[in-house]
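As C-alpha cells, the structure follows; a few thoughts come after it.
Every number here is computed from the coordinates shown, using simple stated rules; none is lab data. These numbers were taken from a predicted model, which means no experiment stands behind them. Cβ: placed from backbone, ideal geometry, glycine included. Neighbour counts: every protein chain shown.
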C-alpha cells in the first residue's frame, strides 16, 4: 500500500527563457528566443521541425521503397504480361522543371536567411524566388497530368497492364506528395509576407528539405520507370 | 408435382371467365441418342447427409425415364398467353439430404420464393442470375426460410457453395402456363383460352425448342418435344 | 509535411469545452481519448469473441438478440458460417489495430512520454490531435462494415489476397465490407505514421535540461523504439492497402493471378501475385507484434522497478534488448509464410533470425527474475499485473520455439497452437501491461486511487481465466485442430469439442471478471480516495508534477531540471529510500 | 500475503499446464499427436519432442523461479536489497551461451527435418496425381491410360455436372480418359507426386497423419511428394481461410494396397 508523502522537493528552473542551442535536450524555448523576435535567431538550434521532417522523409522513402519492390516482385511473378510501355516524352521536361525549382528554392532560402539576419531588408527578392519555385512546382504537377493524358491517348489506363498500373500509381502518389510540398511552400510565403513575419528558419528549412527530397525521389522513380517499363 | 398442381390452380383463378372454352396442350418430352452417364455423388464430407443416401445419388443434369423420356424439362407458353400477374402463393424450394428438391422449379416474375433448409447442416444458397441481382446467403439448420423474388424472366442456375455438388435451377417465367416434365416425360398445360400459342421447352443441358400451337375452343392438343442427347 | 513547423510553440490553455476535451491539443487529453477508444474497441472485440466461442460449441443454438442485431448474419439468432468468419475478422482487426496498438503505445505514450522527459507537450500538438481523430475515423469506418450490405469482410485480419481482392464473388462481406476494411486500415496507417513521427521528434528534441537519452526511463525508451518500428512498418502497410483497394475497385492486377473461377465467375484479372500481398503484409505484420509488446515490456519494467524498490540488475540491458528485438523484427516476416510456396531455402533464412529473437527475450526475462531476487517487492494491483505479464510472456514465448522451426511448422501451422501462442504473448501479455499501467498511473491521471481489493481480485481471476483459455489452445493445436473453423465436423475434431466447451466457459468467466475492472475504473474515477502526489514513491518525472492530474503545461510554467538516472532506489535520502530524478540531492546508492 | 497467493497460484498453474508436456517427454505418452503414416514424418516428430522437452523445461523453470522469488521477497520490511549473484553480466552470458546454443542446435537439426521434406524433388517414378482446391472442396485427378492430363479450362468448370477441373473432352483428347475423384486414393508405400492447383482463392492441403501441410497458391502451381506407409482412410482438411465454407472443406486420403488401388482405378476408368 502506498504511504502518503509530502510532494518531493524538486528543483525547477525559474527562468523559462534559455539561450538557444542547449545541448542537453531541446524544449520549446529554443524556438522563441529572448525578446521573441524570430528574425534575430542567427543559428537556430535543433528544432522538432527539423527532426520531424527527416523522420517524415524516412517514412515516405520507406513507402516508395515498398512500392518499387512490389514492382520488382510483380514483374517476377512469372506471368507474361509485363509489356513494355514508352514513357511519355513530357516527363523529361517535367523533370527539368522540378530540378530547376529545387535550385530556385535554394536561392530563396538563402535570401530569406539574409532577410532574417537583417542583412537584406527588401522582402521582394526572396518572394520572387519563392514565386518562381511555386510556378515550377505547378508546372511539374500539370506536366504530370499531361503525361497521363498522353498515356490515355495510347489507350493505356490504370488497369490496362501492370506497367501502366505501376506508372499511374507511382507518379500519382508522388504528385500528391508534391502537392503537399506546394501547400507547405504557400504557407511559407504567406508567413513571410505577413507583417507579423512569423516565419521561422526551421519552417523554411524543413519545407526546402522536403521539396528537394521530392526532386530526388522523382529522379529515382524516373530511373525505375525508365529501367522497368 | 406440387408446383404444377398449384400452377393449374393459379391458372384457374386467372382464367375462370373463359373456363367454358379451356383448351389443354399436353405431351411428352423424349431424347434421341445416348446421354452421358450421370456420375455418382460422394457426400463423404457431409456425414449428416451421407447417411440419408445408402445408395449414392447421381448428378441430376440429365434425368431420363422409361422409353427415352426426358424429365426436368420446363415447358411453358412463351408467347400468346395473356401476361397474368404473379400468384400470391409462394413457391418453396427445399434442401434435403444435401439435394435440391425439386431440381428445377418454375415461378412467375415477382412471385415469392421460399428457400427452406430441411437438413441438420448449414447450407448456402447462391443463385447466379444474369439479369436479376445476385445474392449469396447461408442458412443454418432451423433458420427461418429465406424469402426472395426475381423481377426479370430468366433461367437461373443455383448452387450451394458449402456442398458444391448441390445444383438446381430457377425458371423465372412471365407466364403461369408452365409445366415441368416428370414421370415419363409427360407434361400438360391446361386452361388455355382459344388462340395461337408458342410453346417452349427448355432443358438445362440440351437447350430450348419451340412449337406453334393453335387452340380452338374446348380441345386438347398434344405435342411432343424430342431433344438430341449430347455425347459429352 | 512542412505543416509541422507552425505549431511547435507552447500553445495557450484552451477555454471552450470543445477545444478542451474534444479537439484538444493537450497530449494528456489525447492520451485519455486514445485510452477511451481502446476501451471501446476491446469491449466490442471481447463481445465478438464471446459470440464466436458460444457458436463454436453450440453451433445451432440461437443467441438471444443476435437475430435482431444482424438479420442476414444470424437469421433467428443462429450464427451462419460466414458471420462467424466476419466476427473473427472484426475481432482480429479491432484487437490488433485499435487495442494492442492504441492502448499501450498511443494512449499511455501520449500521456506520459512528454511528462517523463519534462516537456510541456508533444512536438506537434496539432499533428497529435489529427492522429487521434484520424484513428477515430478509421475506427468508425471499420465498425460501419457491420451495417452495410451483407456485413463485414470474412478474410481474416491478415486479409490474404486473392480472397480479399476479388470482391463480392468470394462470398458475403467481401464486397463493400472488405473495401471498408481496406480503407479503414489505410486511414489507420496514416494516423499511426503521424503519431510515431510525433513521438520520435518529441523524444529527440523536447527533453528538458539534464534529461539525457541515458536518463530516460525504460518505458520512455520503449515508446521511442516502438515509434521507430511503427514508422517503418505502417509506411509499408499503407501502399499495400492502396494496391489492394486498387485491385478491388480499379480493376488492376497486383495480387490477382489469371484464370480464377470464383463461384463460377471468371475473374477479369491476370498476372498478379498473391505472395506479394503476404510479403508486404507480414513485413508490417511481424513488427506489429512488437509494436504491441514492447511498450508493455517498458511499462512493466518501469512499474516493477518502482515496486521492487531497486533498479533492475541493469535496466540498460533491457533497453538494448528492446532495440535488438526491434531490429530483428524486420528480418523475420517470412516465418509466417513457411508453407505458402516460398523457396524452401528462404524458410531457413527466416527461421534463424526468428530463433535469435529468443536470446534478447530470454535476457529480459532473466533480468526480471534476477532483479526480483533480493528485492523489497511490494504487492499491489499494478505489480501483480507486472508479475502476471512476466508469466504470460514466458508461456507465450516458449511456444515460439515450435513455430520458429519450419519443420515443426509443417504440422502446427494454422492450428490452434498458433492462436494460443500469439494470444498469450502479444494479446494477454500486452493487455496485462495495460492493466498494470492503468492501476499504476490512474492516481496521476485522475487524482484518485483505484480500489486495491477489487484490483487484486481482478488480477487473480484474469490470470486463472486467461491460462484456462489459452493453455488448452496449445494442446488442441498439437492434436491438429485447425483454426478459423466455424464448426467442428471432421472426425478428428469432434472428440475435441469438450475441450472447446471448457475454453468457452473459461472465456465467459474471464470476460465477466473484466466487469470488476470497468466498475473499479468508473467508481474510483468519481468516488476513489484522493491520491497523494507520489503514491508509489516513484522517481520518474511524471511524479514531480505540481498536481494530479498535471496542469495544462505539465509543470506549471516551469521546466524541471534532471539530476539523476531514472531509478535511484534503495538509497538513504531525505524523502526515504529513493531520490526523484528532479531532486538535486546527491546520495550514495547503497547496494 | 498477496505475494504468497500469487506464488502458489503461479506454481499450480504451471504444473497443471505442463502435465501433458511431462507425459510426452518423460512418460513417452504422446500429446494427442496422431500416429505418423509417412516416411518423412519421423524426423518431424522427433524434432517436435526435443523442442517440447526444451520448451517445457524452460517454461517450468521460469514459472517456478518466478513463484519462488515472489514468495520469498514480497513485502520484506525495507532493509537493503540483495544483488543476484553475478548480476546482469552473468545472466546475459548464460542467456547467450545456453539459449543461444540451444536455439541454434534446434535450428540446425530442424532444418535437416525440413530438408527431407522440401529440398529433394519427387523421384521420376513417383505416381503423378493432381489436386485442385476450390470453394469448398478438394478434387483429385489421375492422368488415365495415356498418362497425360487434359488441360484445364476455368470457364468450363461445372461442379453440379461433375466437371470439376473444367475439362473439355469434346475437343481435348487427353482429357477423355482423365479420372477425377472426390477423394485422394493412393497405393501404400509408393511415392506420390501431388501437383497442387487452386481454382479460386488460397487453400491449404493438410493431412495430420502424413505430417504434410502445403498452401495452394492461386496462379502458382506448387507440388509436394510423400509416401504413405499405412493402409487406411485419413482426413484431408483445408487450413487456409478460403471463405464461408472453410470449416466444411475436407476430403479423404484413402491409402490402399497396390492391388486394391489397381482395382479401384479400373472401376473408375469405365
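Quick notes on this structure:
- Theoretical FRET efficiency, 1/(1+(r/R0)^6), r = Cβ-Cβ of residue B:205 and residue A:69, R0 56 Å, to 0.05: 0.70
- DSSP bridge pairs, chain D: antiparallel proportion in percent, nearest 5: 70 percent
- Inter-chain shielding of C:85-96 (mean C-beta neighbours from other protein chains, 10 Å cut-off): 1
- Normalised convex hull volume, segment B:69-198, alpha-carbon set, Å³ per residue: 114 Å³
- For residues of D:97-103, the mean tally of beta carbons on other chains within 10 Å: 5
- Convex hull of segment C:530-591 built on C-alpha atoms - directionally averaged projected area, nm²: 4.4 nm²
- Look at the stretch B:77-83: the mean tally of other chain Cβ atoms within 10 Å of its residues' Cβ atoms is 0.
- Between helix C:381-403 and chain C: long-axis angle, C-alpha atoms, 0 to 90°, nearest 10: 40 degrees
- Kirkwood Rh and Cα Rg combined as Rg over Rh, evaluated for segment C:24-253: 1.05
- Taking a point 7 Å out from the Cα of residue A:124 in the direction of its Cβ, none of the residues of segment A:78-114 has a backbone N less than 16 Å from it.
- With the convex hull drawn around the C-alpha atoms of chain D, the volume per residue stands at 177 Å³.
- Shape summary: the protein assembly as shown maps onto an equivalent ellipsoid whose semi-axes, from the alpha-carbon gyration tensor, are 62, 39, 30 Å in decreasing order.
- Alpha carbon centroid spacing (whole Å) that separates segment C:285-322 from segment C:84-147: 21 Å
- In range of the label at residue D:190: residues from segment D:211-232 whose backbone nitrogen is under 15 Å from the point 7 Å along Cα→Cβ: D:226-232
- Protection proxy ranking of D:178-189, B:143-154, by the mean of other Cβ atoms within 10 Å over each peptide's residues and highest first, is D:178-189, B:143-154.
- The calculated FRET efficiency for residue B:198 paired with residue B:135, based on their beta-carbon distance and R0 = 51 Å, is about 0.95.
- Helix content alone sets the calculated 222 nm mean residue ellipticity of chain C: runs of n ≥ 4 DSSP H residues at -39500 (n - 2.57) each, divided across all residues, give -19000 deg cm²/dmol.
- Acute angle (nearest 10 degrees) that the helix C:274-308 long axis makes with the longest principal axis of chain C, alpha-carbon atoms: 30 degrees
- For segment D:130-204 versus segment A:106-135, the gap between their alpha-carbon centres in whole angstrom: 73 Å
- Here the translational diffusion coefficient of segment C:1-128 follows from Stokes-Einstein with Rh set to the Kirkwood radius across Cα pairs; for 37 °C and 0.692 mPa s it amounts to 190 µm²/s.
- In this simple spin-label model, placing a label point 7 Å from the Cα along the Cα-to-Cβ direction at both residue A:152 and residue B:88 gives a separation of 5.6 nm.
- Computed over segment D:127-269, the ratio Rg/Rh where both radii use C-alpha atoms and Rh is Kirkwood: 0.94
- C-alpha center-to-center spacing [segment D:81-117, segment A:47-100] in angstrom: 42 Å
- Cα pair count fraction exceeding 29 Å, expressed as % - segment B:2-228: 30 percent
- Rounded to 5, percent antiparallel among DSSP beta bridges of segment D:127-269: 70 percent
- The alpha carbons of chain C give a radius of gyration and a Dmax of 24.0, 80 Å, in that order.
- In the protein assembly as shown, the DSSP beta bridges split such that about 75 percent are antiparallel, to the nearest 5.
- Under the simplified labelling scheme, the residue B:114-residue C:345 pair shows an inter-label distance of 6.6 nm, with each label point 7 Å from Cα along Cα→Cβ.
- Computed FRET value (nearest 0.05) for residue C:213 with residue A:186, which takes r as the C-beta separation and R₀ as 56 Å: 0.95
- Rounded to the nearest 10 degrees, the angle from helix B:2-15 to the longest Cα principal axis of chain B is 30 degrees.
- Residues of segment C:275-299 with an amide N closer than 18 Å to a point placed 7 Å from the Cα of residue C:327 along the Cα-to-Cβ direction: C:287, C:290-291, C:294.
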